[in-house]
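Q: I'd like to ask you about the structure that follows.
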Amino acid sequence: MELDNSFWALVGLIAFIGLIIYMKVPQALTGMLDGRIEKIQRDLDEAKQLREEAQALLAEYERKRKAAETEAEEIITAAREEADRMAEEAKASIEEMVTRRTKAVEEKIAQAEAQAVAEVRARSADVAVEAARLLLSEQVKKSGDALVDEAIKEVGSRLN
C-alpha cells in the first residue's frame, strides 16, 4: 500500500481536527458565541425595556399635554366669561353714569330756567314798581292836594 498525498492530507486533517477538539476550541467558540448571544439578548431586552419606558413616557406626556390643553381651554373660557361680565358691568355702569349725568344736566337746566324766570319776574316787578312810582309821582304832582284831602276824609270816616 502506497501512501499518497491524499492519505497524508486526510491524516493531517484528522490530526488538526483532533488537536482542535483536544484544545477545546469548539467549546471556546460555543462559549464565545453563547456570550455574544447573551449580550445580544441583553441588548435586545434593554432596547425593549427602553422602548416600553419611552412609550410610557410618551403616553404620560400625551396625558399632560391633553390636561394642559384642557386647562388652557378652561382658562380661556373663564377669561372670556370674565371679559363678558366686565363688559356688561361697564355697560351698566356707563348707562347709570349717563342717566345720572342726564338727570344732573336736566336739574341744572331746570334750575337755570327757574332762576331766569325769577330774574325776569324780579326785573318785571322792579319795572312795574318804577312805573307805578313814576305814575304816582305824576298823579301826586297833578292832584296831590286833592288826594291828601280825600285820604284825610276817608281816615276820619273810618275812625268813626
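What follows draws every value from the coordinates through simple rules; no lab data is involved. What you are looking at is a predicted structure, and each value in this text was computed from that prediction instead of being measured. Don't worry about glycine lacking a Cβ; one is built from the backbone with ideal geometry, like all the others, and counts go over all protein chains shown.
Q: It is to be established whether one or more residues within segment 103-122 are in a helix (DSSP H, G or I), more than 60 Å from the chain's Cα centre (by Cα) and among the small types (Gly, Ala, Ser).
A: Yes: segment 103-122 contains one or more residues that are in a helix (DSSP H, G or I), more than 60 Å from the chain's Cα centre (by Cα) and among the small types (Gly, Ala, Ser).
Q: Of the residues ALA92, ALA79, which single one is under 17 Å from the mean Cα position of the chain (by Cα), assigned to a helix (DSSP H, G or I) and surrounded by 10 or more Cβ atoms within 10 Å (Cβ to Cβ)?
A: From the options ALA92, ALA79, the qualifying one is ALA79.
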